[in-house]
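Peer 1: Below you will find the structure I want to go over with you.
The values are calculated or read from the model by the stated rules, or taken from the named source; none is laboratory data. For clarity, every value in this text was computed on a predicted model and none was experimentally measured. In this analysis, Cβ positions are derived from the backbone assuming ideal geometry, glycine residues included, and neighbour counts consider all displayed protein chains.
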């Protein structure tokens, strides 16, 4: 669901990012200069602040805080990095509902849509209310680990796989109380519409519009070629019972949080009670983003791009 973003009068900006990238520190410094010009309050992730002090000569002082503290001190969180950084930011923000503005310092950038060269103009447009708020659904996976109930959350996906074993894994899949199929292969991806352009897509799963209310179930390298991806309503609960000849089964949320559990083990996956909110430019629609990022319609014969062989 989309609605126009109306910035609070005394807005505060939080700055999170991937501190292992040199460009994160440099971009954070450029962003802070823009915020200082407009006398906008901000809080910056402490390890990014330390890098700025060394590499840019800027001391954020009391305007830096721990990563976990940033969402509570901000009205909007700017995420500096690639899509993986956005996923980390979403995990930090959790159920607070704070909107995320992604600045792409990576490669593809489905979630972090702003480029570095449009940072200043985009920040001005943000303060002028020219962005939309988009709510994105989140998956919740529950299971028992060492006798304790555990829940993990994924904005993109929940992946259950064979934990690095060379052998296949059997995954009994149920949608609510109805048996679906036993997938035999390397694993399974349960994806939100947001995650349909991630791991789900590389398994042969469908691209799903973010406004859709569905969960995509996609097998990873299925042994049975007739086992195909399935889309179910996001009101359903998907139950996966994992059996493996290896010692452990892995469950991973957004490629970030991993757990290794002795098998057999049961997982219940459903929609989380909270959503993640992204700030998106009003003029950038989802299908325009797909055409741009996936280069749909590009005739490589008319470019200097060559796939394999020597350049002629």
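Peer 1: Of the conditions (1) over 30 Å from residue 146 (Cβ atoms); (2) surrounded by fewer than 22 Cβ atoms within 10 Å (Cβ to Cβ), residue 222 clears all except one; give me its number.
Peer 2: Every condition holds for residue 222 apart from (2).
Peer 1: If you don't mind, another one. In the same structural domain as residue 20 (by TED's automatic domain parsing) and surrounded by fewer than 18 Cβ atoms within 10 Å (Cβ to Cβ): which single residue out of 125, 113 fits that description?
Peer 2: 125
Peer 1: Hey, could you check region 232-248 for residues that are modelled with pLDDT of 95 or more and surrounded by 15 or more Cβ atoms within 10 Å (Cβ to Cβ) and say which is nearest to residue 85 (Cα to Cα)?
Peer 2: So, considering only residues that are modelled with pLDDT of 95 or more and surrounded by 15 or more Cβ atoms within 10 Å (Cβ to Cβ), the one nearest to residue 85 (Cα to Cα) is 234.
Peer 1: So, in region 36-59, how many residues would count as being closer than 17 Å to residue 76 by Cα and surrounded by 21 or more Cβ atoms within 10 Å (Cβ to Cβ)?
Peer 2: Here the count works out to 4.
Peer 1: Shifting gears a bit: Filter region 255-274 for residues that are within 16 Å of residue 142 (Cβ to Cβ) and in contact with a helix residue (DSSP H, G or I) (Cβ under 9 Å, 6 or more places away or on another chain) and give the result.
Peer 2: Matches in region 255-274: 257, 272, 273, 274.
Peer 1: Checking the condition surrounded by 18 or more Cβ atoms within 10 Å (Cβ to Cβ) and assigned to a loop (DSSP other than H, G, I, E, B), which residue from 141, 173, 163 passes?
Peer 2: After ruling out the rest, the residue left standing is 163.
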